[in-house]
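Report on one structure; see the data block that follows.
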Amino acid sequence: MKILFLCSQNKRRSLTAEKYFDGYNGHQVRSAGTENNSRVKVTEGLIGWADMIFCMEKKHLRRIKDKYSSSLSNKKVICLNIPDEYGFMDEELIALLDSSVSEYL
């Protein structure tokens with residue numbers, strides 16, 4: 001399965017999720033941000049590539065629905081409700097990701 005993680009700037013939460021889950025049970029994982037100054041900005045191509053998309057917050061879900069609604073029609077999109085208060089590879093963040101994402105994989 002191809003999994004895309006989204007947060008605001010693709011520097012902490014989604015990047016941590018990409019590093020942690022890439023290769024997990026053979027899954028391919030990428031990450032991106034929804035803001036213009038993102039490390040890697042989400043594109044229609046990334047949305048199209050993914051089988052499943054995890055958004056860290058509702059605002060990320062709103063942004064991709066507003067911009068890429070036609071590309072999302074057959075995608076499973078899940079909002080994890082993980083606030084922007086963790087650093088890259090933070091142990092608490094990894095524990096949260098593990099407990100909230102694993103049930104879908």
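The values are calculated or read from the model by the stated rules, or taken from the named source; none is laboratory data. The structure displayed is predicted, hence computed values, not measured ones. Ideal geometry is used to build each Cβ from the backbone, glycine not excepted, and the neighbour counts take in all protein chains shown. Areas reflect the complete protein model, heavy atoms only, side chains present, ligands, DNA and RNA absent. Shrake-Rupley method; radii C 1.70, N 1.55, O 1.52, S 1.80 Å.
Carbon and sulfur together cover what percent of the accessible area of the chain at a 1.4 Å probe radius? Please report the intermediate quantities before stating the final value.
Working: 2330 of 5470 Å².
The C+S portion of the solvent-accessible surface of the chain is 43 percent.
What distance in nm separates the two pseudo spin-label positions at Glu35 and Met89, each 7 Å out from Cα along the beta-carbon direction?
It is 2.3 nm.
Pull out a ≥ b ≥ c, the square roots of the eigenvalues of the alpha-carbon gyration tensor of the chain, then state rounded if a/c is under 1.5, prolate if not and a/b is larger than b/c, and oblate in the remaining case. All intermediate terms of the calculation are to be shown ahead of the outcome.
On the way: a/c = 1.59, a/b = 1.21, b/c = 1.32.
Oblate.
How many Å² of accessible area per residue for the chain, probe 1.4 Å?
For the chain, the solvent-accessible area averages 52 Å² per residue.
Net charge near Asp51, counting Lys/Arg +1 and Asp/Glu -1 over other residues with Cβ under 14 Å of its Cβ? Before the final figure, lay out the partial values.
Working: positive: Lys2, Arg30, Lys75, Lys76; negative: none.
Result for the neighbourhood of Asp51: +4.
Subtracting the Cα-Cα distance from 0.36 nm times the residue separation, let me have the gained length for Asn25 to Lys58 in nm, one decimal.
9.2 nm
Just in the stretch 16-84: which trypsin sites (Lys or Arg not before Pro) are loop by DSSP and have at most 16 other Cβ atoms within 10 Å?
Values: sites: Lys19, Arg30, Arg39, Lys41, Lys58, Lys59, Arg62, Arg63, Lys65, Lys67, Lys75, Lys76; in loops: Arg39, Lys75.
Taking the stretch 16-84 and a limit of 16 other Cβ atoms within 10 Å, the loop trypsin sites (Lys or Arg not before Pro) found are Arg39, Lys75.
Can you compute 3J(HN,Hα) from phi for each residue in the stretch 65-77, using the Karplus curve 6.51 cos²θ - 1.76 cosθ + 1.60 with θ = phi - 60°, rounded to whole Hz and x for Gly and Pro?
With coefficients 6.51, -1.76 and 1.60, one gets 5, 5, 8, 10, 4, 5, 7, 9, 4, 10, 9, 8, 10 Hz.
Can you list residues from other chains, or at least 5 along the same chain, whose modelled amide H is less than 5 Å from the amide H of Cys79?
Amide H neighbours of Cys79, under 5 Å, 5+ apart: Cys55.
Setting aside same-chain residues fewer than 8 positions from Lys75, which aspartates and glutamates have a Cα under 12 Å from its Cα?
Result set, ordered by chain and number: Asp51.
Spelling out what I want: for every residue of the stretch 51-59, take phi, set θ = phi - 60°, compute 6.51 cos²θ - 1.76 cosθ + 1.60 (Karplus), and round to whole Hz; glycine and proline get x.
Per residue, the Karplus-derived 3J(HN,Hα) values read 8, 9, 10, 10, 9, 6, 9, 4, 5 Hz.
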